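Structure first, commentary second.
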Amino acid sequence: MSKDYYKILGVEKNASQDELKRAFRKLAHQHHPDKPGGDEAKFKEANEAYQVLGDEQKRAQYDQFGSGAFDGSAGGGFGGQGFGGFNGAQGFGNINMDDLGDIFGDMFGFGSGGRRRGSGRQRRGQDIQVDVQLSFEEAVFGLDKDISLTKPIRCERCAGEGGEPGTDMHTCGTCDGQGVIITAQRTILGMVQQKRTCSDCQGNGKIAKEKCSSCAGVGVEKKQKTVTVTIPAGVDDGMTLRLQGEGEAVKGGHPGDLFIRVFVKKDKRFERRGHTIISEKLIGFTQAALGDKVEIETVDGAVELKIPSGTQSHTQFKLRGKGVPQNASSRGDHIVIVKVETPKKLNKKQKKLLEELADRQ
C-alpha cells in the first residue's frame, strides 16, 4: 500500500526543503524512542518519509511512482534503493547529522564544540572562573582589582599560527584542510556521521612546515597574565561578573571568557538589605530620655545623629543617601536602629530621682 510521505510529515506537496526539514525535526523530537513517551514506529515512519522527500531525486521519483518506487512494488521498479522495510537499525539508512542540525547532538555526544571549517564554526577556548573576596566598603563603592592568572594565551612569536615567523603553511594531510575528521558510528539511527576537530592541525586546516620554536606549533603558551577587573559599585555577595575574551586561548579560534565570582566579607558594624545599609546604636537611658547628639559610623565615615528627647528603644532613624549606590547618581539609605540600654545597678540618688520622675508622670 502506497504511503503518503507528505501527510506523514504534515506538509503540503509543494513544501520547500526547509519546510520539510523543520517538519521532520519536530516529529523526530516528539517521537524519538529514547525519550519518555517516544514512539519508535512513528519515528521510523517520519525518518522514512524525510529520507525520500529530503532528496530532490528521490522526491521526483516518489511524486511520479509513489512509495512503491522504493520498496520494489511499483512497475518502475526501484528495488535496491529502498529502505529494506525498515527492519532494525538498517531501516534508518545513512543519516548525516549536519542535515539534521543538532537534534541528536547532545543525545549522542556530538556537541558543536570544536567544529571548525567543515561546519563553519570556530573553536572556542575554555572559560575560567575565579573567586574574589571584597570588604564591605569595596563592594559598596567598587574598585579596580588586579587578578593574576596562569592560563593558555596566544603565542606572541607566531601570533597563534603555530609556525615559525615567515615559514610556509601547507594543507593538513590528515583532514585534507577541512579542520575536522568525519567518522561514522552505528547507532539506533543507523550509520550516523560525527565530526571532531583534527588533532594534527587543531582545526586550522593548515600545518606549518617549521613549527614555532616558542609554542612548538600549538599556537598558545601557558603564561601568567594580570587582568584588571573593574568591580562596579553596589556589587553584592554571590554575584558573578563576566570578562569576555579573557579565558583560555585556543589555536585557530576565539578565547573563552573569564567569570569573577564575588564574595563580600561580613562586617560586624553593618548589615545590607538591597541598597539599604542597617546598623545599630546603643544609647543610655538618660540620652533617650533627655535627648542627645551621638556619632554614627557609616561607609562614608562618622556622622552626627540627633536623638530627640523621649526616644524609645528600637526607634529607627534614616540617614538619606548613605546606603549602597543604586546607579551613577543615586544611593540607598542608611537606617540606624537605636537601642536603649537600661542601667542594671542604680545608687540611692539615682533611684530617688527615677521615683520622683515616675510620680510626676
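The values are calculated or read from the model by the stated rules, or taken from the named source; none is laboratory data. Model, not experiment: these values are computed from the prediction. Cβ atoms come from the backbone with ideal geometry, glycine included; neighbour counts cover every protein chain shown.
Take PHE263 and decide whether it is at pLDDT 90 or above and surrounded by fewer than 14 Cβ atoms within 10 Å (Cβ to Cβ). For PHE263, the condition - at pLDDT 90 or above and surrounded by fewer than 14 Cβ atoms within 10 Å (Cβ to Cβ) - is met. Pairs are defined by a Cβ separation below 6 Å, a sequence spacing of at least 6 or placement on different chains, a first member in segment 233-256 that is closer than 25 Å to SER330 by Cβ, and a second member that is in a strand (DSSP E or B) and among the charged types (D, E, K, R); the pairs so defined are THR240/ARG261.
Only a single criterion out of (1) of a type in the set (Asp, Glu); (2) in a loop (DSSP other than H, G, I, E, B); (3) surrounded by fewer than 19 Cβ atoms within 10 Å (Cβ to Cβ) is not satisfied by GLU161, namely (3). Quick check: is even one residue across segment 176-195 surrounded by fewer than 15 Cβ atoms within 10 Å (Cβ to Cβ), touching a Ser or Thr at 6+ places or on another chain (Cβ under 8 Å), touching a residue at least 40 places away in the same chain (Cβ under 8 Å) and farther than 30 Å from VAL262 by Cα? Looking through segment 176-195, none of the residues is surrounded by fewer than 15 Cβ atoms within 10 Å (Cβ to Cβ), touching a Ser or Thr at 6+ places or on another chain (Cβ under 8 Å), touching a residue at least 40 places away in the same chain (Cβ under 8 Å) and farther than 30 Å from VAL262 by Cα.
Exactly one residue out of SER2, SER16 is touching a residue at least 60 places away in the same chain (Cβ under 8 Å) and polar (S, T, N, Q): that is SER2.
Among the residues that make up segment 129-152, is at least one of them among the small types (Gly, Ala, Ser), surrounded by 15 or more Cβ atoms within 10 Å (Cβ to Cβ) and modelled with pLDDT of 85 or more? For segment 129-152, residues among the small types (Gly, Ala, Ser), surrounded by 15 or more Cβ atoms within 10 Å (Cβ to Cβ) and modelled with pLDDT of 85 or more: present. I want to confirm something. Restricting to segment 301-332 and keeping residues that are buried (at least 17 other Cβ atoms within 10 Å of the Cβ) and charged (D, E, K, R), which single residue is nearest to PHE270 (Cα to Cα)? That would be LYS322.
Scanning segment 303-361 for residues that are part of a loop (DSSP other than H, G, I, E, B), over 51 Å from the mean Cα position of the chain (by Cα) and touching a residue at least 40 places away in the same chain (Cβ under 8 Å) yields THR342, PRO343.
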